[in-house]
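> Quick one: the structure is below, questions incoming.
The values are calculated or read from the model by the stated rules, or taken from the named source; none is laboratory data. Keep in mind that what you see is a predicted model, and the values were worked out from it rather than measured. When we count neighbours, we look across all protein chains shown, and the Cβ atoms used for this are built from the backbone with ideal geometry, even at glycine. These area figures cover heavy atoms from the full protein model, side chains too; ligands, DNA and RNA do not enter into them. Shrake-Rupley method; radii C 1.70, N 1.55, O 1.52, S 1.80 Å.
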Amino acid sequence: TILILGACGQIGTELTLALRGIHGPEAVVASDIREGDSELMGSGPFEILDATDADAMEEVVVHYEVDEIYLMAAMLSATAEKFPDRAWNLNMNTLFNVLKLARENKISKIFWPSSIAVFGGTTPKEDTPQSTVMEPSTVYGISKQSGERWCAYYHRKFGVDVRSLRYPGLISWKTQPGGGTTDYAVEIFHEALKNGTYTSFLDRDTRLPMMYMDDAIRATIELMRADAEALSIRSSYNLQAMTFSPEELAEAIRREIPDFRIEYAPDFRQEIADSWPSRIDDSQAREDWGWQPEYDLQKTTATMLAELRAQAG
Ligand code: VAH
């Protein structure tokens, strides 16, 4: 059985639905600190579970005979700057609980998401290498860099089969993201349809690596399916799909909504975004397990607007 921790989150919701589509509803147990949207809750078994509680997690693992865990629970970059202690506790203790279960052979495989947030201001911003200088300046980035080191350690020392991806900013319509710095790229679509205008909290020329959710879900499933022998990276794989700035995204939206207007009012998240790279070198993922993005800016924009219009009915 597969267990998803943080199943109500932006990635967790779609990952749960995708995995249930492949393995069947009963093979995928969703869990989170609170209940999720109706589509998720109606699609298979659900458990209220605080992933920082090791005993509670082990009870769920034993009860459902879990052998794979996807740990999607975390506090993202912007919120983590406001609550550093809670962010560190949530982001790290959940990972330690899952790694320990694997070390004790109570589960056999782990997916754990890292992020482009592991890179800092001294990291090369263009074609950021798989292995490079990483001096993250955010609580979230520090927790992801440390988490990567622990994943590599547990793999090397205890043979734990833990796999990870450095997700860029993710764009999706099904579930509202929470507390990210890249979330302007989600909010903008809702605002464009509702008000025809959006005030961006990142400046016009802030170019960041981004990815449409379907590509991120497919990358996750492809990585977990790959032959363990093919994986040369056990910290976390670089991934690149598209790179754009708020201004470039606004131009793409105007091709569908001609009178859409954008304004810029950078806030504390600008400093976070300025510490992150613009374009990532993902050649190792392409070489090891055949990674290939399918959504570019134009296709993402068209899909987001079409799906949100359909959702609005
Ligand atoms: C965030 N969406 O903004 C997340 C992600 C790279 C961005 O880690 O914090």
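> For the chain, modelled as a GNM with alpha-carbon contacts under 10 angstrom, which of Ala30, Ala117, Ala192 fluctuates the most?
Result: Ala192 has the largest fluctuation of those listed.
> Let me ask something else. Please list the non-local residues whose amide H lies under 5 Å from the amide H of Cys8, H modeled 1.01 Å from N, same-chain partners needing a gap of 5 or more.
none
> Roll a 1.4 angstrom probe over the protein heavy atoms and tell me the percent of accessible area of the chain that is carbon or sulfur.
The C+S portion of the solvent-accessible surface of the chain is 47 percent.
> Of all GluC sites (Glu not before Pro) in region 41-88, which ones are in loop regions per DSSP and have a Cβ with at most 12 other Cβ atoms within 10 Å?
Glu65
> Tell me the per residue accessible area of region 154-298 using a 1.4 Å probe; a whole number in Å² is fine.
Result: 40 Å² of accessible area for each residue.
> Let me ask something else about it. Could you give the angle, 0 to 90 degrees to the nearest 10, between helix 84-103's Cα long axis and the longest principal axis of the Cα atoms of the chain?
40
> May I ask you to list the trypsin sites (Lys or Arg not before Pro) in region 131-195 that are in a DSSP loop and have at most 15 other Cβ atoms within 10 Å of their Cβ?
Taking region 131-195 and a limit of 15 other Cβ atoms within 10 Å, the loop trypsin sites (Lys or Arg not before Pro) found are Lys174.
> Same structure, new question: In nm, give the distance between the simple-model label positions of Asp67 and Phe268, each being 7 Å from the Cα along the Cα-to-Cβ direction.
According to this spin-label approximation, the distance is 4.5 nm.
> Percent of alpha carbon pairs in region 215-313 separated by more than 21 Å?
Numbers: 2540 of 4851 pairs.
Percentage above 21 Å: 52.
> Connecting C-alpha atoms closer than 10 Å in a GNM of the chain, tell me which of Thr13, Thr132, Thr301 has the biggest fluctuation.
Between Thr13, Thr132, Thr301, it is Thr132 that shows the largest mean-square fluctuation.
> Could you run the Karplus curve 6.51 cos²θ - 1.76 cosθ + 1.60 with θ = phi - 60° over region 183-190 and give me ³J(HN,Hα) per residue in whole Hz, x for Gly and Pro?
5, 4, 6, 9, 4, 4, 6, 4
> Continuing with this model, one more query. Kindly write out, for region 27-33 in residue order, the coupling ³J(HN,Hα) from the Karplus curve 6.51 cos²θ - 1.76 cosθ + 1.60 (θ = phi - 60°), rounded to whole Hz, with x marking Gly and Pro.
8, 10, 9, 8, 8, 6, 6
> Would you kindly find the accessible area of Leu193, with a 1.4 Å probe and non-protein molecules such as ligands, DNA and RNA excluded, rounding to the nearest 10 Å²?
60
> Can you give the alpha-carbon Rg of the chain over 2.2 N^0.38 Å, where N counts its residues?
Output field value: 0.96.
> For the chain, set up a Gaussian network in which alpha carbons nearer than 10 Å are linked by springs, and say which option among Ala252, Ala285, Ala273 fluctuates the most.
It is Ala252.
> Mind checking the full-extension length gain between Ala226 and Arg261? Use 0.36 nm per residue of separation minus the Cα-Cα distance, one decimal, nm.
Taking Ala226 through Arg261 to full extension adds about 8.2 nm, to one decimal.
> Quick one: length gained pulling Asn105 to Ala56 fully straight, 0.36 nm per residue minus the C-alpha distance?
My answer for the length gained is 15.9 nm.
> Follow-up question, since we're still on this one. Distance in nm between label sites at Asp288 and Arg34, each 7 Å beyond Cα in the beta-carbon direction?
Taking the two extended label points, one gets 3.5 nm.
> What do you get for chymotrypsin sites (Phe, Trp or Tyr not before Pro) in region 200-298 restricted to DSSP loop and a cutoff of at most 16 other Cβ within 10 Å of the site's Cβ?
Passing sites in region 200-298 are Phe268.
> Just read off the accessible area of Ile48 with the full protein assembly in place, 1.4 Å probe, to the nearest 10 Å².
About 100 Å², ignoring ligands and nucleic acids.
> Can you tell me which lysines have their Cα less than 16 Å from the Cα of Lys299? Leave out same-chain residues fewer than eight positions away.
Leaving aside lysines fewer than 8 places away in the same chain, none come within reach of Lys299.
> Mind listing the phi-derived Karplus ³J(HN,Hα) values for region 264-277, rounded to whole Hz, using 6.51, -1.76 and 1.60 with θ = phi - 60°, and x for any glycine or proline?
In residue order, the calculated couplings are 10, 9, x, 10, 4, 6, 4, 5, 5, 4, 5, 8, 9, x Hz.
> To continue, here is another question. Considering only the chain, what is the antiparallel percent among its DSSP beta bridges, to the nearest 5?
10
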